[in-house]
Structures are given as structure tokens and as C-alpha cells.
1. Consider region 156-208. How many of its residues are among the hydrophobic types (A, V, I, L, M, F, W, C) and either modelled with pLDDT of 95 or more or not assigned by TED's automatic domain parsing to the domain that holds Lys60 (or both)?
2. Which residues, taken from region 174-196, are among the polar types (S, T, N, Q) and either in contact (Cβ under 8 Å) with a residue 24 or more places away in the chain or more than 29 Å from Ala122 (Cα to Cα) (or both)?
3. Being of a type in the set (Asp, Glu) and either closer than 20 Å to Gln115 by Cα or part of a strand (DSSP E or B) (or both) is the requirement here; does Asp5 meet it?
4. Go through Gly86, Gly80 for me and flag whichever is farther than 23 Å from Ser200 by Cα, of a type outside the set (A, V, I, L, M) and outside any loop (DSSP other than H, G, I, E, B).
5. Could you count how many residues in region 69-82 are closer than 16 Å to Trp140 by Cα and surrounded by fewer than 13 Cβ atoms within 10 Å (Cβ to Cβ)?
6. Among the residues that make up region 107-116, is at least one of them surrounded by 22 or more Cβ atoms within 10 Å (Cβ to Cβ) and either part of a strand (DSSP E or B) or free of Cβ contacts under 8 Å to residues at least 60 places away in the same chain (or both)?
7. How many residues, within region 70-86, are among the small types (Gly, Ala, Ser) and either out of contact with any strand residue (DSSP E or B) (no Cβ under 7 Å at 6 or more places or on another chain) or not assigned by TED's automatic domain parsing to the domain that holds Leu110 (or both)?
8. Look through region 132-172, keep the residues that are polar (S, T, N, Q) and not in a strand (DSSP E or B), and return whichever of them is surrounded by the fewest Cβ atoms within 10 Å (Cβ to Cβ).
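The values are calculated or read from the model by the stated rules, or taken from the named source; none is laboratory data. Predicted model, so just to flag it, every value in this text is computed and none were measured. Glycine gets a Cβ as well: all are built from the backbone with ideal geometry, and neighbour counts include every protein chain shown.
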Amino acid sequence: MIDPDPIYCDQCGTSLTQKIPAGEDRIRGVCTACDLVHYRNPRVVVGTLIEHDEKILLCKRAIEPAYGAWTPPAGFLELGESSVEGAVRETWEEAKANVEIIQPFVSIDLPRIGQIHVKYLARMKEPHFEPGPESLEVEWFHWNEIPWDHLAFPVTHWALRLRQADREQNQDRFHRGTLKWKDKGSPLDFNSYDLSDLQSYPLKMDGSQRSRAAIDD
């Protein structure tokens with residue numbers, strides 16, 4: 001969900017008023033004492049798609065929303081870290097898996113809830129993994145056995161389907177698009193959204209990356 005409007009000033013604690021500041025085009029929270037303008041910006045969610053032997057690693061969520069549903073490890077980017085660092089950290093926190101990033105894979109905008117989701121392809125540095133505090137289970141799934149009816153969040157469906165298509169076509173691509181709600185149906189239903197503005201760009205991996213990917217597959 002989008003963060004609620006702030007009520008008090010971050011700088012002096014005075015109540016805010018909602019108005020359009022001079023030179024801007026939308027309503028912001030503005031301090032009635034010091035005039036500080038408060039901005040609300042999208043949050044970035046980062047994660048990994050970890051593959052090995054025709055399988056992908058998924059986590060069964062132990063928290064709401066989507067308790068008990070499956071998803072690749074992912075979470076909110078923290079201040080002071082890069083998106084790669086955040087993806088590696090979230091993978092460790094949710095799956096206790098030590099991974100190496102191979103390449104960027106997808107960036108999907110979700111304007112309805114003010115989020116940007118960025119996922120990277122990754123490989124295991126070592127075979128160990130186990131559920132972290134926010135996961136009930138962590139398991140390898142063959143691509144033919146992915147629990148499509150029990151995945152958490154529409155963005156998860158889109159990311160996995162894009163990766164499955166790339167694998168079937170033997171392509172390395174980076175994808176970007178906007179996940180648009182159709183204004184009907186459940187917000188958690190994959191069929192309630194479309195990704196009609198999808199753009200896909202071929203990627204060229206260097207020799208070492210291609211060799212690692214071939215070993216993993």
C-alpha cells in the first residue's frame with residue numbers, strides 16, 4: 001500500500017497542511033511553521049531469481065500479505081545500499097542463501113501501490129539454504145512444477161512467466177514495464193492486471209557470466 005500522508009513536520013514537529021507548493025503541480029504536505037515540503041515517493045522492492053538444474057528457489061511467506069504463498073526472495077531496499085546489495089541481503093534474510101548476482105532481469109512499476117520491483121538473476125555460492133524469519137519453507141521447484149495458483153502477488157507471476165519465456169526461447173533479456181490494474185477484480189489476482197507496455201532488451205553476458213549460467217543450468 002502507498003504510505004499515508006504525513007501529519008507532522010519531520011523538521012519541527014508542527015502539523016502539516018495539504019496544498020500545492022509554489023512551482024509544483026500536485027498536493028504535498030507543507031509545514032505551517034517552517035514551510036518544509038514533505039514528499040512521498042515510490043518504494044523500491046529488490047529480489048533474486050535463483051536457478052540451478054532447471055529449478056528455481058522459492059520461499060513460502062510467513063507474514064502477511066499473502067501468508068503461505070510462494071515467491072522468490074525479495075523485500076524493500078534500505079537506505080545506504082545499492083539495489084544489488086539489497087537483493088543479496090533480502091535473499092539471505094528470507095532464504096539464508098548466499099548468492100552471486102549474474103545479471104539484471106526485470107523492473108516492473110506498480111503505480112497503484114507506489115512501488116518499483118527490480119529482480120536479478122542469481123546463482124548460489126554454496127548449496128545451503130533454509131527458511132529465514134519471514135519464510136515458512138524454502139524449496140527448489142522445477143519450472144514444470146511451479147505452484148502458479150499459490151504464488152504471492154501479481155508481480156511474481158509476471159516475473160516468473162517472463163523468465164520462463166526467456167528460458168524456452170534461449171534468450172538473455174532485460175524486461176521493463178508497468179503493471180496496470182484493470183480497475184476490477186482482486187488486487188492480488190494476476191488476471192486483474194496487464195503489462196501491455198512491456199519492453200524487452202537483449203543482454204550480452206561476458207564469457208565468465210555465460211559459463212557460470214551454463215553450469216547452473
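1. 8
2. Within region 174-196, Thr178, Ser186, Ser192 meet the criteria.
3. Taking the combined requirement at face value, the residue satisfies it.
4. Every option except Gly86 fails the conditions.
5. Selection size over region 69-82: 0.
6. There is at least one residue in region 107-116 that is surrounded by 22 or more Cβ atoms within 10 Å (Cβ to Cβ) and either part of a strand (DSSP E or B) or free of Cβ contacts under 8 Å to residues at least 60 places away in the same chain (or both).
7. Initial filter on region 70-86 (among the small types (Gly, Ala, Ser)): 74-75, 80, 82-83, 86.
Keeping just the survivors that are either out of contact with any strand residue (DSSP E or B) (no Cβ under 7 Å at 6 or more places or on another chain) or not assigned by TED's automatic domain parsing to the domain that holds Leu110 (or both) gives 80, 82.
The number of residues fulfilling the criteria is 2.
8. Checked region 132-172; the qualifying residue surrounded by the fewest Cβ atoms within 10 Å (Cβ to Cβ) is Asn170.
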